[in-house]
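Notes for the one structure printed next.
The values are calculated or read from the model by the stated rules, or taken from the named source; none is laboratory data. Values in this document were obtained by computation on a predicted structure and should not be read as measured data. So basically every Cβ, Gly included, is an ideal-geometry build from the backbone, and we count neighbours across all protein chains shown.
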Amino acid sequence: MNTSHLDGVDALFLRASKVSRRTALMAAAGLLALPAARVAFANTQPASPELWPNASQVPGGVARLSLGPAAVRPAAHAGEVPLLVLGDVIEWTALVGIALAARPGPASIEVQVDGGQAQEIRYTVAPKKYAEQRLKVAPGTVDLSPENEARYERERAHLATVMATFTEPLPPSSMRMRVPTPGRRSSSFGLRRVFNGQSRNPHSGMDIAAGTGTPVVAPLQGRVIDTGDYFFNGNTVWLDHGGGLLSMLCHLSAIDVKPGDTLQTGERLGAVGATGRVTGPHLHWGVMLNRTMVDPALFLSA
Ligand code: ZN
């Protein structure tokens, strides 16, 4: 092991908020050529995969791809988009959000270790058939007026910058989320909607039925990165959980936070409402990983 690697490992241990038991054991056994005393200072809470989202290699799911061992955290990308990499020197794992629009079949990411040559890691996206809903609505309710079209385009450009947020530190030791509001949870993630024979974007979040005014809390600790009143989504709060993992909470009747605020899991951020293009009060909860909306249910404990 050369000096630069040792420096990398040392820096990692000093920085790390968690070190797996396996790593600590191996380090104690001298397998990592680390003094055992240094490990004693580290928090030994294991980086258990049970604390990560469930793996589901389908459109709208999350792939957990093993990157193997490395002294420092590898950098991984899907195209230009940085990916969340978790783990420790024994084994790193890339958590990859798979787009609902992804074609089943071969897919790949690029991984770079310590500034070295980029390597391709391949995986396979399995097919998943989501339900389809065909609706007939009054003509004119599907098409936007020129004013609303212009508003939507402005909002889309702004939201693209919000969605590109990728910050350190990486998520807390557990990425398991709590339901942001009590109520009946629909399983309509991925539902394909066809209005008057016109395909719309599939439903990319979880709807939770609750009355106007019901408190909405942070599903996981995070920083508020955007609040606003949007044409489709109504009053919305975006949270950055770190490492490209974001939450979006929509149709709120009240927003109690502002950009820059830091919230703990379970801290109130607003209240359920019916703002935006909706027919009744409910919470729409979206979870985004590497700029890709994935099924929030994969992040729930039960
Ligand atoms: Zn929804």
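When only residues in the stretch 287-298 that are among the hydrophobic types (A, V, I, L, M, F, W, C) and part of a strand (DSSP E or B) count, which is nearest to the ligand (Cβ to nearest atom)?
Our first condition is that a residue be among the hydrophobic types (A, V, I, L, M, F, W, C); within the stretch 287-298, this holds for 287-289, 293-294, 297-298.
Filter once more, so that each one left must be part of a strand (DSSP E or B): 287-289, 293-294.
On the way: V287: 12, M288: 14, L289: 18, M293: 11, V294: 14 Å.
My answer is M293.
Can you tell me which residue in the stretch 240-286 is surrounded by the fewest Cβ atoms within 10 Å (Cβ to Cβ), limited to those that are among the polar types (S, T, N, Q), assigned to a loop (DSSP other than H, G, I, E, B) and within 18 Å of the chain's Cα centre (by Cα)? Outline the logic, then answer.
Initial filter on the stretch 240-286 (among the polar types (S, T, N, Q)): 247, 253, 262, 264-265, 275, 279.
Those still in the list that are assigned to a loop (DSSP other than H, G, I, E, B) too: 253, 264-265, 275, 279.
Checking which are within 18 Å of the chain's Cα centre (by Cα) leaves us with 264-265.
Values: Q264: 10, T265: 17.
Selected residue: Q264.
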Quick test of your reading of the structure: S188 fulfils all but one of (1) among the small types (G, A, S); (2) over 30 Å from S56 (Cα atoms); (3) part of a loop (DSSP other than H, G, I, E, B). Name the failing condition by number. (2)
Any strands (runs of 3 or more DSSP E) falling wholly within the stretch 88-169 and containing at least 3 residues that are surrounded by 14 or more Cβ atoms within 10 Å (Cβ to Cβ): 92-97, 105-112, 119-125
If only one of A302, A254 is away from the ligand (no atom under 16 Å from the Cβ) and at pLDDT below 95, which one is it? A302
Could you go through the stretch 265-286 and let me know if any residue there is without any contact (Cβ under 8 Å) to a residue 12 or more places away in the chain, among the polar types (S, T, N, Q) and within 16 Å of the ligand (Cβ to nearest atom). yes
Restricting to the stretch 196-241, name every residue that is away from the ligand (no atom under 15 Å from the Cβ) and aromatic (F, W, Y). W238
Within the stretch 57-71, count every residue that is part of a loop (DSSP other than H, G, I, E, B) and either touching a Leu at 6+ places or on another chain (Cβ under 6 Å) or aromatic (F, W, Y) (or both). 2
